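Student: Next up is a structure, given as structure tokens.
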Amino acid sequence: MSLDVLFQTATKILTSTECDAYTLGHLGLPADYIATQGLRPDIHWVEVALRTSPRLSAAEQDELLPSLHEFNKKIVYRTQGHLGLNLISIFRTTWMSAAMLNPDPQVAQEAANKLLWQPSVGILRLRLDQCTPFERCLLTSTGLMQQIEDFASIKPPVQLWRCNGHFSDLFYFLANRFLGALGHVLDTESVHAQWKWIEVNRHGIKFKLLNVLVKLRFYRFTNHRLPPSEQLRHQVEEIQRGHLARYNALVVGGDMHPAMLRDAPYLSRFNLRATDAALIRDVDRAAVGKPNGSAKSPDITLSNYIRFLFKSQHMYSFPKLDPATRRNIFW
């Protein structure tokens, strides 16, 4: 979904007067409320919210309805205007700056020229008091501005990370700004790669320790060093309180087997859900020719799990297993 379509969708949601199932759910009403109450289908959600107020008489509701409609319009128009300004601010600088990282040299150079000289919103046409913090940072950095101007005029166009490092400062600035966003693909794939690498070298690792190692690696990669011990102690204590609160909530809920409680807070981080267990069960059933599945002995379950987990023609080492256990598993 493009940014333009995303903002159009947000505007449509803001200006919508429909009283659909989503709106009724937020009002605490059933999805069939309009039909069961005999209300007209095009009724405004503001009127429904007012009519369901138990503390107001029908006469008071009729008196308040026009003023509530006016109030809703003011809020909608103000929010819509603010959203439009945000869209302009993002498009005029942030969007064009990100486009300078495009692998197509022509597209990247066009973005640089629009960033500098686009009518009414080009960065060189703005006063400093009209700028966003990102624009102000660019304008006050002589080196970055010079590299943007050189990149916009170089013939033939090149990729920003080429040209013998001539635009290296600008590339590092933009890459850190846009590729350092939360959840971007490089960061996500990096975490996945580290997760797999750690598991290759430490087969018996628990989710708790794996979570710690991944977070510490990410922090050190981002900040180059760990925080001071005093600051780290406060962070560890805060994290421990959060984990304890989640653990207590799971205990109170009573919806999980006690053996799973310790690992439960970390399952979502590694995209593990109950459906994964169902998938493994389906593989087990298919392995023994029972698509519908039936109760199996522990020996059959273990053998199916081993066949599912290990690949053929691969060597595996189990230095911590005693000889008796090895004989029982690999018969």
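The values are calculated or read from the model by the stated rules, or taken from the named source; none is laboratory data. Nothing here was measured: the structure is a model prediction, and the numbers come from that model. We place every Cβ from the backbone using ideal geometry, glycine too, and count neighbours over all the protein chains shown.
Student: Name the residue that is modelled with the lowest pLDDT, counting only residues in region 91-106 that are assigned to a helix (DSSP H, G or I) and aliphatic (A, V, I, L, M).
Tutor: It comes out as 96.
Student: Go through region 50-82 and count every residue that is surrounded by 12 or more Cβ atoms within 10 Å (Cβ to Cβ), within 20 Å of residue 12 (Cβ to Cβ) and without any contact (Cβ under 8 Å) to a residue 24 or more places away in the chain.
Tutor: Total meeting the criteria: 2.
Student: On to the next question. Within region 12-32, does at least one residue satisfy the condition of being of a type outside the set (S, T, N, Q) and in contact (Cβ under 8 Å) with a residue 60 or more places away in the chain? Let's see the steps before the verdict.
Tutor: First, the residues of region 12-32 that are of a type outside the set (S, T, N, Q): 12-14, 18-22, 24-32.
Subset that is in contact (Cβ under 8 Å) with a residue 60 or more places away in the chain: 14.
There is at least one residue in region 12-32 that is of a type outside the set (S, T, N, Q) and in contact (Cβ under 8 Å) with a residue 60 or more places away in the chain.
Student: Could you tell me whether region 107-120 includes any residue that is touching a residue at least 12 places away in the same chain (Cβ under 8 Å), at negative phi, surrounded by fewer than 16 Cβ atoms within 10 Å (Cβ to Cβ) and assigned to a loop (DSSP other than H, G, I, E, B)?
Tutor: Checked against the condition, which is being touching a residue at least 12 places away in the same chain (Cβ under 8 Å), at negative phi, surrounded by fewer than 16 Cβ atoms within 10 Å (Cβ to Cβ) and assigned to a loop (DSSP other than H, G, I, E, B), region 107-120 yields no hits at all.
Here's the yes/no breakdown for (1) in a helix (DSSP H, G or I); (2) under 21 Å from residue 4 (Cβ atoms); (3) in contact with an Asp or Glu (Cβ under 6 Å, 6 or more places away or on another chain):
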| residue | (1), (2), (3) |
| --- | --- |
| 134 | yes, yes, no |
| 144 | yes, no, no |
| 156 | no, no, no |
| 169 | yes, no, no |
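Student: State whether the residues of region 56-79 include one that is part of a helix (DSSP H, G or I) and within 25 Å of residue 126 (Cβ to Cβ).
Tutor: yes
Student: Would you check which residues across region 35-49 are surrounded by 15 or more Cβ atoms within 10 Å (Cβ to Cβ) and either at pLDDT below 85 or in a loop (DSSP other than H, G, I, E, B) (or both) and list them?
Tutor: Result: 43, 44.
Student: Can you work out which of the residues in region 93-105 that are out of contact with any helix residue (DSSP H, G or I) (no Cβ under 8 Å at 6 or more places or on another chain) and in contact (Cβ under 8 Å) with a residue 12 or more places away in the chain is nearest to residue 11 (Cα to Cα)?
Tutor: Going residue by residue through region 93-105, those that are out of contact with any helix residue (DSSP H, G or I) (no Cβ under 8 Å at 6 or more places or on another chain) are 103-105.
Checking the rest, the ones that are also in contact (Cβ under 8 Å) with a residue 12 or more places away in the chain come to 103, 105.
On the way: 103: 32, 105: 34 Å.
Per the stated criteria, the residue is 103.
Student: Name every residue in region 20-34 that is small (Gly, Ala, Ser) and part of a helix (DSSP H, G or I), in order of residue number. Walk me through how you get there before you give the answer.
Tutor: To start, the set of residues in region 20-34 that are small (Gly, Ala, Ser) comprises 21, 25, 28, 31.
Those that are small (Gly, Ala, Ser) and part of a helix (DSSP H, G or I): 21, 25.
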